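The values are calculated or read from the model by the stated rules, or taken from the named source; none is laboratory data. Since the model is a prediction, treat every value here as computed from it, not as a measurement. Quick reminder, even Gly has a Cβ in these numbers, built from the backbone with ideal geometry, and neighbours come from all protein chains shown.
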Amino acid sequence: MGEKLLKYYEEAYKIGGAKARLRLAMLSLLPSLKAGNAPDSEANIRKFENAMKQLKKELNLN
């Protein structure tokens, strides 16, 4: 459970450090500690994909 979701947190950390991880939590509404226990459902993955797109936009990485 949550393995795919946690990979988004790893990616966020690589591109922007702790601040990016925090911003991902805010955008996805699912903190990393809860993401590890959440299902890798289509809805959750879509939520994280959208959050990562927004994060990259905010960091000017698009």
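Would you check which residues across region 2-60 are at positive phi and at pLDDT below 95 and list them?
Going residue by residue through region 2-60, those that are at positive phi are 2, 17, 29, 60.
Listed by number, the residues that qualify are Gly2, Asn60.
Could you please give the count of residues in region 1-54 that are aromatic (Phe, Trp, Tyr) and touching a Gly at 6+ places or on another chain (Cβ under 8 Å)?
So in region 1-54, the residues aromatic (Phe, Trp, Tyr) come out as 8-9, 13, 48.
Keeping just the survivors that are touching a Gly at 6+ places or on another chain (Cβ under 8 Å) gives none.
Residues meeting the conditions: 0.
Taking residues in region 1-29 that are under 14 Å from Leu59 (Cα atoms), and partners anywhere that are assigned to a helix (DSSP H, G or I) and hydroxyl-bearing (Ser, Thr, Tyr), the pairs with Cβ atoms closer than 7 Å and at least 6 places apart or on different chains are Ala20/Tyr13; Arg21/Tyr9; Arg21/Tyr13; Arg21/Ser32; Leu24/Tyr8; Leu24/Tyr9. Could you grab me the full set of residues in region 43-62 that are under 15 Å from Glu3 (Cβ atoms) and without any contact (Cβ under 8 Å) to a residue 12 or more places away in the chain? Passing the criteria: none in range. Is it the case that some residue within region 30-52 is of a type in the set (Asp, Glu) and in a helix (DSSP H, G or I)? For region 30-52, residues of a type in the set (Asp, Glu) and in a helix (DSSP H, G or I): present. Applying the set (1) exposed (fewer than 13 other Cβ atoms within 10 Å of the Cβ); (2) closer than 15 Å to Leu55 by Cα to Leu27 leaves exactly one unmet item: (1). Looking only at region 34-48, residues that are loosely packed, with under 12 Cβ neighbours inside 10 Å and not polar (S, T, N, Q) come to 3 in all.
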